[in-house]
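Worksheet for the structure shown next.
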Amino acid sequence: MKIRLKLTLLFTLLFAILLAVFAAVTYFSYAENREDSFFERLEQRAIVQANLLMDVGVAPNVLQLIYKNVPNNEEVAIYDTAFNLMYHDDAVGDRVKETPEMMRQIIKHHNIRFNIGKNQVVGFLYKYKEKYFIITAAAVDVAGYRKLENLQITLLAGFLIAIALTLVAGRFFSKKALSPVSHMVDRVEDITATNLHMRVQEGNRKDEIAVLAITFNRMLNRLEQSFESQKQFVSNISHELRTPLAAIVAELELSAIRPRTTDEYQEVIIRVSSDARKLVRLSNDLLDFAKASYDPDQIKFKNLRLDELLLDARLQILKANTDYHININFEEEMEIGDDRFISLNGNEYLLKVAFGNLMENGCKFSGNHQCSVTIRLSENSVFVRIADTGVGITPEDLPHIFEPFYRGNNKQYASGNGIGLSLTDRIIRLHKGQISVQSKPGEGTTFLVEIPHIPAL
Ligand code: ADP
């Protein structure tokens, strides 16, 4: 069931209950009033008749005649306390069959009231000249019942009309109240991958629906951003792949045009294999990038010794680049025996990639192909500083160097694909660590990495 319908029905039901209670109270209190006031009227009219009979001295048959044709007349009977009938309105019929028990009750209570069918009956003691008489009077309150019936019809009709109006009004107001949601739904239906820039209307920016719209728009902002960066990423990858591939194809086609000397073929092979190596490096980096983007729960973490990790990373870099020099040392003398300080919980492969990238960058962007790695240990974290005295990074490049595929102004200085630092940053963040950089063009660059011993997940 739609919320709009639900709200309308709920609202109408609530109103119907209230209205029904109100109508019932009105009806029953009117019915009770009618009964009471009719009993009183009966008594008064009976007293008038008793006065006419006893005080004024009207003869009983005359009195009968006077009241005979009065429409809806009440029937009055007067007895003495010995239960002898002194007067009866109707010589033929008798609505109240007075019994000795009834007489006793009247004498005992002075005044009794009860109903016989639709007839209301009142019986009471009447004192005239120090003598008591028992008077009974009975009649049907025809006018009162008619009014009660009218009231019933009026209340029922009013109830039905009010409910119908409430249904219409409820539908109208719930539609009005929920119209922003309908607009939002229509708008959201139009948002697809090709027009992620569209936003839903934020209304008055205050009520709950507006807050929902604002939250939704914020989510769209994030989605659009990540969608854009994915697009950029894919186009960068294809660009990076295309350049060496095009070079390989051109090189091979050119050498196939005419026969070449062995030396010339050798040169072509060297150039082609250099381009092919770039492709291998790129695909490896991309693979690592994908690994570092996994959910941390899916990555194997184990206890590692930082010094061993850095030595392994260093060895890998030196194997591939025999002219590089990397020094690893501790900032201050410390008790190496305490494994707790030098160990950290992490993924061995990814951390080697991260530190390897930083060492390789330090060497490749320095004329002397040297960098130094300094370890500092603290109670909660390990700190690794990778410093070189190379070309440095310009202030304009510094804010961007951790973006995927970004290569600084100094890129002509060394080959690369711009993935290394973004990959390193991702790996460090995966280990709940931080990386920062300081650099001065012409003087060198220092990266500082901090990783907690046990990353709080
Ligand atoms: P790549 O090294 O493949 O160009 P990275 O992501 O590793 O890509 O680095 C991004 C950019 O940051 C580099 O192109 C370079 O401009 C700059 N950079 C990184 N490390 C250093 C460094 N140690 N010295 C100077 N520039 C650096």
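Residue 371 versus (1) of a type in the set (A, V, I, L, M, F, W, C); (2) more than 16 Å from the ligand (Cβ to nearest atom); (3) outside any helix (DSSP H, G or I): which is the lone unmet condition?
If we test residue 371 against (1) of a type in the set (A, V, I, L, M, F, W, C); (2) more than 16 Å from the ligand (Cβ to nearest atom); (3) outside any helix (DSSP H, G or I), just (2) comes out false.
Mind listing just one residue for me: the one in region 401-457 that is more than 13 Å from the ligand (Cβ to nearest atom) and in a loop (DSSP other than H, G, I, E, B) and, of those, modelled with the lowest pLDDT?
Only one residue fits best here, namely 457.
Filtering region 1-41 down to residues that are within 36 Å of the chain's Cα centre (by Cα) and not aliphatic (A, V, I, L, M), which residue is farthest from residue 177 (Cα to Cα)?
15
Of the residues that sit in region 386-400 and are touching a Phe, Trp or Tyr at 6+ places or on another chain (Cβ under 7 Å) and more than 7 Å from the ligand (Cβ to nearest atom), which one is modelled with the highest pLDDT?
If we take residues in region 386-400 being touching a Phe, Trp or Tyr at 6+ places or on another chain (Cβ under 7 Å) and more than 7 Å from the ligand (Cβ to nearest atom), then 386 is modelled with the highest pLDDT.
Given the structure, is residue 147 surrounded by 13 or more Cβ atoms within 10 Å (Cβ to Cβ) and either of a type in the set (A, V, I, L, M) or not in a strand (DSSP E or B) (or both)?
yes
Determine whether region 63-84 contains at least one residue that is more than 15 Å from residue 138 (Cβ to Cβ), touching an Asp or Glu at 6+ places or on another chain (Cβ under 7 Å) and not basic (Lys, Arg).
There is at least one residue in region 63-84 that is more than 15 Å from residue 138 (Cβ to Cβ), touching an Asp or Glu at 6+ places or on another chain (Cβ under 7 Å) and not basic (Lys, Arg).
All but one of (1) touching a residue at least 24 places away in the same chain (Cβ under 8 Å); (2) assigned to a helix (DSSP H, G or I) hold for residue 21; state the number of the condition that does not hold.
(1)
Every residue in region 279-313 that is farther than 13 Å from residue 353 by Cβ and part of a helix (DSSP H, G or I), please.
279, 280, 282, 283, 296, 297, 298, 306, 307, 308, 311 - these are the residues of region 279-313 that are farther than 13 Å from residue 353 by Cβ and part of a helix (DSSP H, G or I).
Taking residue 361 as the residue in question, decide whether it is over 26 Å from residue 293 (Cα atoms), touching a residue at least 40 places away in the same chain (Cβ under 8 Å) and not in a strand (DSSP E or B).
Against the criterion (over 26 Å from residue 293 (Cα atoms), touching a residue at least 40 places away in the same chain (Cβ under 8 Å) and not in a strand (DSSP E or B)), residue 361 does not qualify.
Residue 365: buried (at least 22 other Cβ atoms within 10 Å of the Cβ), over 50 Å from the mean Cα position of the chain (by Cα) and either among the aromatic types (Phe, Trp, Tyr) or away from the ligand (no atom under 12 Å from the Cβ) (or both), yes or no?
When the stated conditions are applied, residue 365 passes them.
The values are calculated or read from the model by the stated rules, or taken from the named source; none is laboratory data. In this text, all values refer to a predicted model and were calculated from it rather than measured experimentally. Don't worry about glycine lacking a Cβ; one is built from the backbone with ideal geometry, like all the others, and counts go over all protein chains shown.
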